[in-house]
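Here is the structure we will look at.
Read-outs: derived from the displayed coordinates by stated rules, not from any lab. Just so you know, these numbers come straight off a predicted model, no measurement behind them.
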Amino acid sequence: MTLDFPTISKIVGVDDSFKMPTVLMGIMFNKEKREAMFKEFLEYEKDVSYDWFHIYFQEEYAERKSKKQDFTPDSIGKLLAGIVTPEKGKVHEAACGTGGLIIKTWDYQRKNTNPFTYLPSDYFYQCEEMSDRSIPFLLFNLLIRGMNATVIHGDALHRTAKQVYFVQNDENDFMKFSSLNVMPHTEMTEQEFDIREWTQEPMEHIESPFPEWLKEVMESEVR
């Protein structure tokens, strides 16, 4: 079984590819439905070392002419991950797209760690992305892999943002999916993520409390 266009559309439940980002984003906020969908995806593809949506998104949604929007090839992503990835701590990427390079970084870290001592809490990914169409795929990729991350949905240069999403592996277990929270539009959030202006009304969505073991990682040096 393979994750081709028809298969992805069938699992998500869309009959038109341009409905995909909106439908997928809605599913991300329904934990029960989201995790059932994750398990169905994993029946088709168990290799989580690459972005399953890379070709799908680039062919269907990338604004390559108007915004010069393109994505890092897997081979380049793997090379970069091997060169710049720290053993542990926090990694930042300012233009994540659907998360291809972040996935390669995560994959490099987990494969270079003893599987018996690997803990998701040793790693944190700070992601920024402007495209409304990319965000649902990026959240999907982080959540299904049990990663710990923040996702700033906004302009990395002008520091405007729509929302800040907090993805966390509650049980610190690499076999578990992550939960999804939305950060409040408070002064503390603005200071923490250097946000100068909100361009969308705040959302209320909390699935789990902030775990104590993540504080040290969040406060560590960004690589």
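For region 31-39, putting each phi into the Karplus relation 6.51 cos²θ - 1.76 cosθ + 1.60 with θ = phi - 60° gives couplings of 4, 5, 5, 4, 6, 5, 5, 4, 5 Hz, in residue order, rounded to whole numbers and with x for Gly and Pro.
3J(HN,Hα) along region 162-178: 8, 8, 10, 9, 10, 9, 9, 8, 4, 9, 6, 10, 5, 8, 9, 7, 8 Hz, from the Karplus curve 6.51 cos²θ - 1.76 cosθ + 1.60 with θ = phi - 60°, whole Hz, x for Gly and Pro. What the phi angles of region 112-129 give under the Karplus curve with 6.51, -1.76 and 1.60, with θ = phi - 60°, is a coupling list of 9, 10, 4, x, 7, 10, 5, 10, x, 5, 7, 9, 9, 10, 9, 10, 10, 7 Hz, glycine and proline written as x. For the set LYS10/LYS176; LYS46/LYS104; LYS39/LYS104; LYS39/LYS176; LYS46/LYS176; LYS10/LYS39, the pairs lying more than 19 angstrom apart at their alpha carbons are LYS10/LYS176; LYS39/LYS104. The H on the amide N of GLN163, modeled in the peptide plane, is under 5 Å from the matching H of HIS153, each at least 5 residues off or on a different chain.
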